[in-house]
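Colleague: Handing you a structure now.
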Amino acid sequence: MATHLFRCFKMTEYISDMPKGRPSDAPRTAFGQRLVDLREKAGLTQSDVADHVGVSTRAYAFWERKPVALQVEQIAKLAG
């Protein structure tokens, strides 16, 4: 039965530079957009930045999407 289930899905080629995750309906804040721009310019993933700052990837992704109040230590790590 599982084999039949998988045949129902169209096989598509994986593209390595394809955006990951699901897009949000909410627009980014100006700060969040700045984080995204700088992260992408540096060639980093959300996980890379989250590890550097010491937060979960989910928390960092939230920073890119929602209004947040970061701790001074977190801002210093982002800048460094």
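The values are calculated or read from the model by the stated rules, or taken from the named source; none is laboratory data. Given the structure is predicted, the values throughout are model-derived calculations rather than measurements. We place every Cβ from the backbone using ideal geometry, glycine too, and count neighbours over all the protein chains shown. These area figures cover heavy atoms from the full protein model, side chains too; ligands, DNA and RNA do not enter into them. Shrake-Rupley method; radii C 1.70, N 1.55, O 1.52, S 1.80 Å.
Colleague: I need a count of the residues in region 53-74 that are open to solvent by 70 Å² or more (accessible area, probe 1.4 Å), over 13 Å from ARG28 (Cβ atoms) and in contact (Cβ under 8 Å) with a residue 24 or more places away in the chain.
Modeller: Step one: filter region 53-74 for residues open to solvent by 70 Å² or more (accessible area, probe 1.4 Å), giving 58, 62, 66-67, 69, 71-73.
Remaining after also requiring over 13 Å from ARG28 (Cβ atoms): 58, 69, 71-73.
If we keep only those that are in contact (Cβ under 8 Å) with a residue 24 or more places away in the chain as well, we get none.
Final tally of qualifying residues: 0.
Colleague: Sort out which residues of region 1-52 are of a type in the set (A, V, I, L, M, F, W, C), at pLDDT below 65 and open to solvent by 70 Å² or more (accessible area, probe 1.4 Å), and write them in order of number. Talk me through it step by step, then tell me what you get.
Modeller: First, the residues of region 1-52 that are of a type in the set (A, V, I, L, M, F, W, C): 1-2, 5-6, 8-9, 11, 15, 18, 26, 30-31, 35-36, 38, 42, 44, 49-50.
Cutting the leftovers down to at pLDDT below 65 gives us 1-2, 5-6, 8-9, 11, 15, 18.
Across region 1-52, the qualifying residues are MET1, LEU5, PHE6, CYS8, PHE9, MET11, ILE15, MET18.
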